[in-house]
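Okay, so here's the structure we're looking at.
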Amino acid sequence: MIGVPELIVLFLLGLLAIPSILAFIDIMRSNFEGKKKRFWLLFVILFSFIGAIVYFIIGRKQKIAK
């Protein structure tokens, strides 16, 4: 049976996954020069929450303007 502490942990893990999912979607929809798209995808996948935060701070500036 799942209790309150387990539900709290699941909720917090879900909150931590949101930035990674948003970063992954943003990377897939954007254009980058060279292999930067692959780099950012791997970075976000391997480093999850921290990778997503770094992408939103640094990586979004590297996108090619439409």
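The values are calculated or read from the model by the stated rules, or taken from the named source; none is laboratory data. All values reported here derive from a predicted model rather than from experimental measurement. Neighbour counts run over all protein chains shown; Cβ positions are idealised from the backbone, glycine included. Note: accessible area is taken over every heavy atom of the protein model, side chains too, but ligands, DNA and RNA are not part of it. Shrake-Rupley method; radii C 1.70, N 1.55, O 1.52, S 1.80 Å.
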Karplus (6.51, -1.76, 1.60) ³J(HN,Hα), θ = phi - 60°, over segment 53-66, in Hz, Gly and Pro reported as x: 5, 4, 4, 5, 7, 10, x, 5, 6, 8, 5, 7, 6, 7
Restricting attention to segment 1-63, which trypsin sites (Lys or Arg not before Pro) occupy a DSSP loop and are surrounded by at most 14 other Cβ atoms within 10 Å? 35
With each run of n ≥ 4 DSSP H residues scored as -39500 (n - 2.57), what mean residue ellipticity at 222 nm is computed for the chain after dividing by its residue count and rounding to the nearest 500 deg cm²/dmol? -25500 deg cm²/dmol
In degrees between 0 and 90, to the nearest 10, how far off the longest principal axis of the chain does helix 4-29 point, with axes built from Cα atoms? 10 degrees
Give me the 1.4 Å probe accessible area per residue for the chain, excluding ligands and nucleic acids, in Å². 79 Å²
Report the full-extension gain for the segment residue 17 to residue 2: residue separation times 0.36 nm, less the Cα-Cα distance, to one decimal in nm. 3.3 nm
Probe radius 1.4 Å, ligands and nucleic acids ignored: give me the carbon and sulfur share of the accessible area of the chain as a rounded percent. 74 percent
Just one of (i) 4.4; (ii) 5.1; (iii) 3.7 is mean projected area of the Cα convex hull in nm² calculated from these coordinates, so which is it? (ii)
